[in-house]
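The block underneath contains the structure these notes are about, expressed in structure tokens.
The values are calculated or read from the model by the stated rules, or taken from the named source; none is laboratory data. All of these numbers come straight from a predicted model, not from anything done at the bench. Methodologically, a virtual Cβ is constructed for each residue, glycine included, from the backbone with ideal geometry; neighbour enumeration extends over all protein chains shown. Surface areas here come from the heavy atoms of the whole protein model, side chains and all, with no ligands, DNA or RNA. Shrake-Rupley method; radii C 1.70, N 1.55, O 1.52, S 1.80 Å.
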Amino acid sequence: MTKHTFFVSGTHCKACKVLIEDIIKEQDGVQRVAVDLKAQTLTVETNSSESPAELINRWSEHLTSHRYKLSTEK
């Protein structure tokens with residue numbers, strides 16, 4: 001299992017946290033997910049062998065329509 005932390009922009013409330021966590025939980029290989037609104041981070045534990053950039057590309061498809069953006073740097 002690999003743990004990744006990404007920065008997520010566009011969050012502003014608890015509903016954002018719940019929506020992002022729900023979307024990411026549905027993705028293949030994801031075991032655990034947590035959004036920290038104050039730090040604007042998304043921490044994910046996954047059994048995927050994809051790189052962080054590949055995960056961002058795949059997951060961004062599901063998040064951009066909600067105006068959230070993932071990145072590896074703030």
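When you scan segment 53-67, do you find a residue that is part of a strand (DSSP E or B), open to solvent by less than 40 Å² (accessible area, probe 1.4 Å) and in contact (Cβ under 8 Å) with a residue 12 or more places away in the chain, even just one? No, the conditions are met nowhere in segment 53-67. Summed over segment 23-37, the residues that are assigned to a loop (DSSP other than H, G, I, E, B) and within 19 Å of Arg67 (Cβ to Cβ) give a count of 3. Within segment 1-33, the residues that satisfy the criterion of being under 17 Å from Lys74 (Cα atoms) and either open to solvent by 70 Å² or more (accessible area, probe 1.4 Å) or free of Cβ contacts under 8 Å to residues at least 24 places away in the same chain (or both) are Thr5, His12.
Of the residues Glu45, Glu73, which single one is among the acidic types (Asp, Glu) and in a loop (DSSP other than H, G, I, E, B)? Matching residue, one of Glu45, Glu73: Glu73. When Lys74 is tested against (1) at pLDDT 95 or above; (2) in contact with a Phe, Trp or Tyr (Cβ under 9 Å, 6 or more places away or on another chain), just one condition goes unmet, and that condition is (1).
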